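Values quoted throughout were computed directly from the atomic coordinates according to the rules given, and no laboratory measurement underlies them. Note that the structure is a prediction, hence the values are computed from the model and not measured. Cβ placement follows ideal geometry from the backbone for every residue including glycine, while neighbour counts extend to all protein chains displayed.
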Amino acid sequence: MTETALLAVLGVMGSIILTLLGFLTAQLVKLGQRVRALEHRDRLSWLYIRSLIDYSYRHSDTTKYPLPEPPEGWLGETKE
């Protein structure tokens with residue numbers, strides 16, 4: 001192989017590697033955002049479950065004492 005062909009092959013391979021690294025970085029960022037959103041929803045779920053447990057220990061009549069409302073954002077869709 002000549003020097004110019006070798007440089008061309010190295011240039012093409014370098015471009016492919018940089019493109020793959022950019023794609024993988026973008027995927028990792030999206031995954032990190034999704035994990036954070038799911039962890040936030042999990043924390044809200046635990047807070048809501050805890051309030052329902054506290055409610056069940058204090059009140060037995062759901063008509064006189066309505067169930068506690070879920071936390072803000074709990075019923076919303078997760079961002080994916």
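Which numbered condition in (1) out of contact with any Asp or Glu (no Cβ under 9 Å at 6 or more places or on another chain); (2) surrounded by 11 or more Cβ atoms within 10 Å (Cβ to Cβ) is the only one that L44 fails?
(1)
Residues in segment 57-76: is at least one free of Cβ contacts under 8 Å to residues at least 60 places away in the same chain and assigned to a helix (DSSP H, G or I)?
Here is the first cut: in segment 57-76, the ones free of Cβ contacts under 8 Å to residues at least 60 places away in the same chain are 57-76.
Those still in the list that are assigned to a helix (DSSP H, G or I) too: 57-58.
Checked segment 57-76: at least one residue is free of Cβ contacts under 8 Å to residues at least 60 places away in the same chain and assigned to a helix (DSSP H, G or I).
Does E39 qualify as being exposed (fewer than 11 other Cβ atoms within 10 Å of the Cβ), out of contact with any Cys (no Cβ under 9 Å at 6 or more places or on another chain) and part of a loop (DSSP other than H, G, I, E, B)?
On the way: exposed (fewer than 11 other Cβ atoms within 10 Å of the Cβ): yes; out of contact with any Cys (no Cβ under 9 Å at 6 or more places or on another chain): yes; part of a loop (DSSP other than H, G, I, E, B): no.
No.
I need the full set of residues from segment 51-72 which are surrounded by 11 or more Cβ atoms within 10 Å (Cβ to Cβ) and under 27 Å from the mean Cα position of the chain (by Cα), in order please.
S51, L52, P68, P70, P71
Could you tell me which numbered condition L24 fails, if it satisfies all but one of (1) in a helix (DSSP H, G or I); (2) at positive phi?
Condition (2) is where L24 drops out.
Please give the number of the condition T4 fails out of (1) polar (S, T, N, Q); (2) assigned to a helix (DSSP H, G or I); (3) surrounded by 10 or more Cβ atoms within 10 Å (Cβ to Cβ).
The failed condition is (3).
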